[in-house]
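Worksheet for the structure shown next.
The values are calculated or read from the model by the stated rules, or taken from the named source; none is laboratory data. Not measured: the values here are computed from a predicted model. Glycine also receives a Cβ, built like all others from the backbone with ideal geometry; neighbour counts cover every protein chain displayed.
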Amino acid sequence: MSAILSAEHVTRRFSPRITLGDRIAAALGAKVDRRPVQAVTDVSLEVRQGETLGLVGESGCGKSTLGRMLAGILAPSEGEVLLSGTAPMRGKHKTTTRIQTVFQDPFASLNPRMRIGETIAEGPITHGLVTRARAPEMVAEWLRRVGLDPAFATRFPHQFSGGQRQRVAIARALAMQPEVLVCDEPVASLDVSIQAQILNLFLELRQDLGLTCLFISHDLSVVRHVSDRVAVMYLGRIVEMGEAARVYAAPRHPYTQGLLHSVPKLVLDSNAALEFRPITGELPSPLSPPPGCAFHPRCPKATELCRGERPPLSPREDGTLVACHHA
Amino acid sequence: MTRLLLEVQDLRTHFLTRAGVVKAVEGVSFALGRGEILGLVGESGSGKSVTGFSLIGLVDPPGKIVGGSIRFDGRELVGLAPAEMRRLRGKRIAMVFQDPAATLNPVLTIGTQMMLAVQAHGGGSERAGRDLAARTLTRVGIPDAAARLDAYPHEFSGGMRQRVAIAIALLHGPDLIIADEPTTALDVSIQAQILAEMKQLAKQSGTALIWISHDLATVSSLADRLLVMYAGRIVESGPVAAVLRAPLHPYTRGLLDSLPAMAKPGEKLNQIPGSTPSLLSLPPGCPFAPRCPRATEVCRTDPPVVTQPGRMALCHHALESTT
C-alpha cells in the first residue's frame, strides 16, 4: 500500500501572543512567560491508501495539532505535510478539497444560523462539485446516507441532538468527495449508545467510499475498533506506531503499556480484583519537556541513559516502530 | 448486605418547566449498606445526576422532590429543614462533582477552602484544621501537602484538583460520598490512579460510595452493585459482575453491545436504534419500548418489576434470552 498523505519531520510551535496588558505588566517588572509551546516535535508518519490510522494519546500530547497539520488547516513550523507529493496548504490557506475533517464538538462546528442543507451544500457549490440547482438533490442524498430524513435539510442545528449533528458534520465532510477524512475525536462528546451508532456509520461509509482515514481519539477501545494501524503520542512525539492488533496485543513502549493497563475493563467476574497498574505521576508541561526521553520521569524502566539521551523511533523486527531504549 | 445506611423509596424529582413537567426521577428505589460501593449508570438525561442531587438536597428550582422517601441512617431526608440538611451535608454526606475547575473557588487557596469546610461543622482551632487538611490531602495522594495548602486551584493540574475535591469530601469522615462523574474530565492514566485510590479509601474508611457515571467499564472495576437508569427509572440493578455477565434488561444488554471493547475490531456494533426520548413526551408504558428489540404489544403498559435473588429488572421481557 502506498502512502497518500505523509508528514515529514513536522514540528509545530505556538507562541503566546503578547498583548498590550502583557507589555504593561512587563514594563512594571512582572514576569511574562513568552516561551513558545512545542505541541508537535519532529513527527514523521504516513497514511496509506485505504487504511485507517488511529492516533491516540492523552490531552496535550499534540494529537489534534498533528491532525490539523495533516488535514491542511494548520501550517507546520518546520517540516512538511504532503498529499500525494504536494503540500495541501499554501501559506495559511488550504488549497485542496481532497482532505476533509470531522471535528469533536458538533455544537461548535456547525454554523447555528445556517440551515443544515445550506451547511452541507456550501462547500460543494463553492468548489463547483455541484450546481446550485442540483444541490438540494445532493443534500437529500447525503442526509439519507448518514441516516437522517432528507426533509431535515431546512432545519437548524439546534433542532438536532448531538448524535444527529455529528451525522450532519459527517455528511458535510463527505459531500466534498474527499479521499482522506480526518476525524478528530468524532465520538467523544456522545453517549455510549449514540457513539455505537456513529461508529457503525463511520465503518459503513468508509467501506462504501473507500476512504483513507486518520482517526484521532483519546479512547483506546474506540481507536482499536476502527484502526488498521495505530500511532501513540506522548508530549508531542510518536512513541510507538504499528499494526493495531500487534500494538494492542503486545505493546512495547512502557507508556503504551501503562496506557493500556490504565483503561478500565469490564469486570465480568466478581472475584477478579481491581487490577490497575496506573502510570505514576503526571504529564510534564510541554513548556519544559524533560531532557532525554520525555517519559522517563514516569517510567518504571528508566535508567541513566533515558535521562540523558532521547531514544529515536526505530523499527523492530515485526515492523513496529518504538522510541525506547529498553523496549 | 452490610448494615443499612441509605434506603430510597419511590423517589420522584420533577422539574416544573414552562414546557411541562419533566419527570427527571420517577419512582427510584434502592438501598445501600455501610461501606458499599454502588455504581449508578445511565446516559445523559437518564436522571442519574438528579438522583444524586436529590439525595444531598441540592435540587434547584424549578426542580423539586415531589414524592417518595430517602432514609439516611434511620432519618428521613425528604422534607428536612434546610438548616438540618446543611448540618448533614459535607459532614455525613459529601459530594464530588465532575468538574473540579468549576467547584473549587479560584480566588481562595486550597488551604482556605478546606478550612471553610472544616469550620462549617464546628472545627476547633485553626492549627488543628490545617493539620487535618494537610493529612487529608496526603491521603488522596498529594505530595508535600502542607506546602500545597497555600497554592491556588489554578496551580494544580486537573487530576490534582479532583484529588483536592475528594479530600474536601473526605474531611469529616462522611458515611456516604456521592461522586458525580468524578473522572470523566480526566485523562485515562490519571483516572486509573484516582479509581485505584478511591476504592482503597472507601475500603479503609468504611465510607459508602455512590459512583455516578456513563461508563460501564469504570463502574464495573469499582462498584459492588450496579444500578442502570433510563428515562428517570432504575431499569436494572444487581451485583455488578452478575448484571454485566447476563443482563436482564434489554437496555443494559444494548449498552454492553454498544461498547467497542465487546466486539471484534472493525465489526459492526450491535447498536441500540434511535435516541433517548424527551422526558416531556414519554411513550406510554415502558419508555424503552420504541428502541427495544424485544418490545411487543404488552410493552405499552407499565412494565413489572422482575426479581431474582439480589437482582431486579423493570421489564415485561426480562427473563427472555439475553444473548
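Condition test on B:Pro293, is it under 29 Å from B:Asp224 (Cβ atoms) and more than 8 Å from chain A (Cβ to nearest Cβ)? Here the answer is no, as B:Pro293 does not meet what is asked.
Matching residues to (1) within 23 Å of A:Val222 (Cα to Cα); (2) assigned to a strand (DSSP E or B); (3) of a type in the set (D, E, K, R); (4) modelled with pLDDT under 90:
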site	(1), (2), (3), (4)
B:Leu226	no, yes, no, no
B:Met229	no, yes, no, no
B:Val235	no, yes, no, no
B:Gly254	yes, no, no, no
B:Ala261	yes, no, no, yes
B:Glu267	yes, no, yes, no
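Scanning the stretch B:203-212 for residues that are in contact with a strand residue (DSSP E or B) (Cβ under 6 Å, 6 or more places away or on another chain) and either surrounded by fewer than 20 Cβ atoms within 10 Å (Cβ to Cβ) or part of a strand (DSSP E or B) (or both) yields B:Ala208, B:Leu209, B:Ile210, B:Trp211, B:Ile212. Restricting attention to the stretch A:100-112, the residues that are touching a helix residue (DSSP H, G or I) at 6+ places or on another chain (Cβ under 9 Å) and modelled with pLDDT of 85 or more total 9.
Give the residue, chosen from B:Pro250, B:Pro284, that is more than 11 Å from chain A (Cβ to nearest Cβ), at negative phi, surrounded by fewer than 17 Cβ atoms within 10 Å (Cβ to Cβ) and in contact with an Asp or Glu (Cβ under 9 Å, 6 or more places away or on another chain).
On the way: B:Pro250 fails: surrounded by fewer than 17 Cβ atoms within 10 Å (Cβ to Cβ).
After ruling out the rest, the residue left standing is B:Pro284.
Across the stretch A:284-319, which residue is farthest from A:Gly236 (Cα to Cα) among those that are of a type in the set (A, V, I, L, M) and in contact with a strand residue (DSSP E or B) (Cβ under 8 Å, 6 or more places away or on another chain)? Among them, the one singled out is A:Leu313.
Just one of (1) of a type outside the set (Lys, Arg); (2) under 16 Å from B:Arg161 (Cβ atoms); (3) assigned to a loop (DSSP other than H, G, I, E, B); (4) modelled with pLDDT of 90 or more fails for B:Ile142. It is (4). Criterion applied to A:Val187, A:Val192 was being crowded, with 17+ Cβ neighbours inside 10 Å, within 14 Å of another protein chain (Cβ to nearest Cβ), modelled with pLDDT under 95 and touching a His at 6+ places or on another chain (Cβ under 8 Å), and the one residue passing it is A:Val192.
Results for (1) aromatic (Phe, Trp, Tyr); (2) within 12 Å of chain B (Cβ to nearest Cβ); (3) out of contact with any Cys (no Cβ under 8 Å at 6 or more places or on another chain); (4) surrounded by fewer than 24 Cβ atoms within 10 Å (Cβ to Cβ), shown as yes or no for each residue.
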| site | (1), (2), (3), (4) |
| --- | --- |
| A:Ala169 | no, no, yes, no |
| A:Ala196 | no, yes, yes, no |
| A:Glu243 | no, yes, yes, yes |
| A:Tyr248 | yes, yes, yes, yes |
| A:Tyr255 | yes, yes, no, no |
| A:Leu266 | no, yes, yes, yes |
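Return yes or no: is A:Pro290 farther than 30 Å from B:Ala246 by Cα, in contact with a Pro (Cβ under 6 Å, 6 or more places away or on another chain), within 13 Å of another protein chain (Cβ to nearest Cβ) and outside any helix (DSSP H, G or I)? Spelling it out, it is not the case that A:Pro290 is farther than 30 Å from B:Ala246 by Cα, in contact with a Pro (Cβ under 6 Å, 6 or more places away or on another chain), within 13 Å of another protein chain (Cβ to nearest Cβ) and outside any helix (DSSP H, G or I).
Scan the stretch B:221-232 for residues that are more than 26 Å from B:Gly35 (Cβ to Cβ) and surrounded by 24 or more Cβ atoms within 10 Å (Cβ to Cβ) and jot them down.
Applying the first criterion (more than 26 Å from B:Gly35 (Cβ to Cβ)) to the stretch B:221-232 yields B:230-232.
Listed by number, the residues that qualify are B:Tyr230, B:Gly232.
Within 25 Å of B:Met229 (Cα to Cα) and more than 12 Å from every other protein chain (Cβ to nearest Cβ): is that true of B:Ile210 in this structure? Criteria met by B:Ile210. One residue stands out among those in the stretch A:123-137 that are part of a helix (DSSP H, G or I) and without any contact (Cβ under 8 Å) to a residue 24 or more places away in the chain: the one that is farthest from A:Ala171 (Cα to Cα), which is A:Thr126.
For the stretch A:173-195, the set of residues classified as under 28 Å from B:Ser44 (Cα atoms) and touching a residue at least 40 places away in the same chain (Cβ under 8 Å) consists of A:Ala173, A:Val182, A:Cys183, A:Asp184, A:Glu185, A:Pro186, A:Ala188, A:Ser189, listed by residue number. For B:Lys199, the stated conditions hold: it is within 9 Å of chain A (Cβ to nearest Cβ), more than 19 Å from B:Arg294 (Cβ to Cβ) and among the charged types (D, E, K, R). Tally time: how many residues in the stretch A:42-85 are part of a strand (DSSP E or B) and not hydrophobic (A, V, I, L, M, F, W, C)? Number satisfying all stated conditions: 9.
Those residues that are surrounded by 13 or more Cβ atoms within 10 Å (Cβ to Cβ) and of a type outside the set (A, V, I, L, M), I need them from the stretch A:112-127; list them, please.
Of the stretch A:112-127, the ones surrounded by 13 or more Cβ atoms within 10 Å (Cβ to Cβ) are A:114-125.
Correct list: A:Arg115, A:Gly117, A:Glu118, A:Thr119, A:Glu122, A:Gly123, A:Pro124.
Mind telling me which of the residues B:Gly39, B:Gly20 ends up being modelled with pLDDT of 95 or more and either out of contact with any strand residue (DSSP E or B) (no Cβ under 6 Å at 6 or more places or on another chain) or within 14 Å of chain A (Cβ to nearest Cβ) (or both)? Lay out the reasoning, then the answer.
Numbers: B:Gly20 fails: modelled with pLDDT of 95 or more.
Only one candidate passes the filter, namely B:Gly39.
So A:Phe215 fits all but one of (1) at the interface with another protein chain (Cβ under 9 Å from one of its Cβ atoms); (2) buried (at least 24 other Cβ atoms within 10 Å of the Cβ); what number is the exception? Here A:Phe215 meets the rest and fails (1).
With respect to A:Leu45, is the statement that it is crowded, with 23+ Cβ neighbours inside 10 Å and touching a residue at least 60 places away in the same chain (Cβ under 8 Å) true? Explain how you work it out, then say what you get.
Values: crowded, with 23+ Cβ neighbours inside 10 Å: no; touching a residue at least 60 places away in the same chain (Cβ under 8 Å): yes.
So A:Leu45 does not fit the description; no.
Among the candidates A:Gly210, A:Gly128, which residue alone is more than 13 Å from chain B (Cβ to nearest Cβ), under 20 Å from the mean Cα position of the chain (by Cα) and farther than 14 Å from A:Val102 by Cα? A:Gly210 is the lone residue from the list that is more than 13 Å from chain B (Cβ to nearest Cβ), under 20 Å from the mean Cα position of the chain (by Cα) and farther than 14 Å from A:Val102 by Cα.
Being surrounded by 11 or more Cβ atoms within 10 Å (Cβ to Cβ), out of contact with any Phe, Trp or Tyr (no Cβ under 8 Å at 6 or more places or on another chain) and outside any loop (DSSP other than H, G, I, E, B): is that true of B:Ala102 here?
Working: surrounded by 11 or more Cβ atoms within 10 Å (Cβ to Cβ): no; out of contact with any Phe, Trp or Tyr (no Cβ under 8 Å at 6 or more places or on another chain): yes; outside any loop (DSSP other than H, G, I, E, B): yes.
So B:Ala102 fails the test.
In the stretch B:237-247, the residue that is farthest from the other protein chains (Cβ to nearest Cβ) out of those that are of a type outside the set (Gly, Ala, Ser) and not in a helix (DSSP H, G or I) is B:Pro247.
Condition check for A:Ser109 on (1) outside any helix (DSSP H, G or I); (2) among the hydroxyl-bearing types (Ser, Thr, Tyr); (3) under 18 Å from A:Val180 (Cα atoms): one failure, at (3). Do we find that A:Gln159 is in contact (Cβ under 8 Å) with a residue 40 or more places away in the chain, surrounded by fewer than 18 Cβ atoms within 10 Å (Cβ to Cβ) and not aliphatic (A, V, I, L, M) in this structure? It is false that A:Gln159 is in contact (Cβ under 8 Å) with a residue 40 or more places away in the chain, surrounded by fewer than 18 Cβ atoms within 10 Å (Cβ to Cβ) and not aliphatic (A, V, I, L, M).
When the residues of the stretch B:261-281 are filtered to those that are within 24 Å of the chain's Cα centre (by Cα) and farther than 20 Å from A:Leu203 by Cβ, the one that is nearest to the other protein chains (Cβ to nearest Cβ) is B:Thr276.
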